[in-house]
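Visitor: Below are the structure tokens for one structure; questions will follow.
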Amino acid sequence: MRQPLIAGNWKMNGNLASTRALLDAVSAQAETVAQSVEVAVLPPCVYVPETSTRLANTSVRWGAQNLSEHASGAYTGEIAAAMLTDFGCHYVVVGHSERRALYGETNTLVAAKFAAAQAHHIQPILCVGETLDERDQGVTLTVVTQQLEAVIQHSGVEALQRAVIAYEPVWAIGTGRTATPEQAQEVHAYIRSMIAEYDATIANSVRILYGGSVKGNNASALFAMADIDGGLVGGASLDSAEFSAIIQAAL
Ligand code: PGA
């Protein structure tokens, strides 16, 4: 039985005051569903300490949106996994399409970041997904395979027992254009079958989230699909009422 996870990726939004207000609202909402739905937030890094203080005695988990592949050293501007551990981060996003597209992160780098997180007992939320061009060319499953294989080859399939996968079609992120539940399910089922070729038990237990314009009004249909285990939510996670509706849809 896979417990649904709803994770809010706040990206580079908000300020200290709005972060505090959102944290308080989300923790209140999460209490009402704590037995059945896991809720997590991924604030900008500078707000992680505030997040760890405010969510300390709640059921909400938190994490970061990025980390360095290195353990420490002369890497100006980077954040190491051990630093995230100091502030109780349970999760870290790796391989988000914005980082792949805007900051040149390759499958190899993403695999190294995945391993760096796990070395410090932080669960990576590994994002995979195709661009619109790739979908139109019919190579969606090839792209997703390459993104996942890079991690499996680097860390072994067992590593997926301590990770979450998020399928995020790039054309659906921040565009208001959601994948249909059937389009998403097709890729989720494919990801699970691909992992099953290595290990059926791991394939059956790994959570695969959908991300890309998840909203209160489309979440139920997505979460009703057999292989969709929750959502990685961007824009809608900044609005506490909308995020609450998405959490309720996972019940
Ligand atoms: P979106 O972002 O919900 O705003 O489309 C999702 C994500 O990038 O994780």
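Visitor: Which residue, of Glu69, Glu130, Glu98, is touching a residue at least 12 places away in the same chain (Cβ under 8 Å), within 16 Å of the ligand (Cβ to nearest atom), surrounded by 20 or more Cβ atoms within 10 Å (Cβ to Cβ) and assigned to a loop (DSSP other than H, G, I, E, B)?
Guide: On the way: Glu69 fails: within 16 Å of the ligand (Cβ to nearest atom); Glu98 fails: assigned to a loop (DSSP other than H, G, I, E, B).
None of the others qualify; the one that does is Glu130.
Visitor: Need at least 1 residues that are in contact with a Leu (Cβ under 7 Å, 6 or more places away or on another chain) and within 14 Å of the ligand (Cβ to nearest atom) per element, so show me which helices (runs of 4 or more DSSP H) inside region 151-251 make the cut, counting only ones lying wholly within it. Before you say what the answer is, go through the steps one by one.
Guide: Details: elements: 181-196, 200-205, 219-223, 240-249.
Here the list reads 181-196.
Visitor: Is it the case, given these coordinates, that Val139 is of a type in the set (A, V, I, L, M), under 17 Å from the mean Cα position of the chain (by Cα) and closer than 20 Å to Gly212 by Cβ?
Guide: Working: of a type in the set (A, V, I, L, M): yes; under 17 Å from the mean Cα position of the chain (by Cα): no; closer than 20 Å to Gly212 by Cβ: yes.
Criteria not met by Val139.
Visitor: Scan region 101-123 residue by residue and report those that are open to solvent by 60 Å² or more (accessible area, probe 1.4 Å) and outside any loop (DSSP other than H, G, I, E, B).
Guide: Just the residues of region 101-123 that are open to solvent by 60 Å² or more (accessible area, probe 1.4 Å), to begin with: 101-103, 106, 108, 119-121.
Passing the criteria: Ala101, Leu102, Thr108, Ala119.
Visitor: Would you check which residues across region 161-195 are β-branched (Val, Ile, Thr), touching a helix residue (DSSP H, G or I) at 6+ places or on another chain (Cβ under 7 Å) and within 13 Å of Val128 (Cα to Cα) and list them?
Guide: Taking region 161-195 as the starting set, the residues that turn out to be β-branched (Val, Ile, Thr) are 164-165, 170, 173, 175, 178, 180, 187, 191, 195.
Within this subset, residues satisfying the condition of being touching a helix residue (DSSP H, G or I) at 6+ places or on another chain (Cβ under 7 Å) are 165, 170, 173, 178, 187, 191, 195.
Hits for region 161-195 are Ile165, Val170, Ile173, Val187, Ile191.
Visitor: Sticking with this structure for a sec: With Glu149, Glu98, Glu182, Glu158 as the choices, which residue is over 27 Å from Ala200 (Cα atoms) and charged (D, E, K, R)?
Guide: Working: Glu149 fails: over 27 Å from Ala200 (Cα atoms); Glu182 fails: over 27 Å from Ala200 (Cα atoms); Glu158 fails: over 27 Å from Ala200 (Cα atoms).
After applying the criteria, what remains is Glu98.
Visitor: Answer yes if at least one residue in region 7-16 is out of contact with any Phe, Trp or Tyr (no Cβ under 9 Å at 6 or more places or on another chain), open to solvent by less than 20 Å² (accessible area, probe 1.4 Å) and within 22 Å of Gly235 (Cβ to Cβ), and no otherwise.
Guide: Yes, region 7-16 contains a residue that is out of contact with any Phe, Trp or Tyr (no Cβ under 9 Å at 6 or more places or on another chain), open to solvent by less than 20 Å² (accessible area, probe 1.4 Å) and within 22 Å of Gly235 (Cβ to Cβ).
Visitor: Just a yes or no: is a residue in region 13-32 at pLDDT below 95 and within 30 Å of Thr201 (Cα to Cα)?
Guide: yes
The values are calculated or read from the model by the stated rules, or taken from the named source; none is laboratory data. Quantities reported herein were computed from a predicted structural model and do not represent experimental measurements. Please note: Cβ atoms are built from the backbone with ideal geometry, for glycine as well, and neighbour counts cover all protein chains shown. The accessibility values were calculated without ligands, DNA or RNA, using every heavy atom of the protein model including side chains. Shrake-Rupley method; radii C 1.70, N 1.55, O 1.52, S 1.80 Å.
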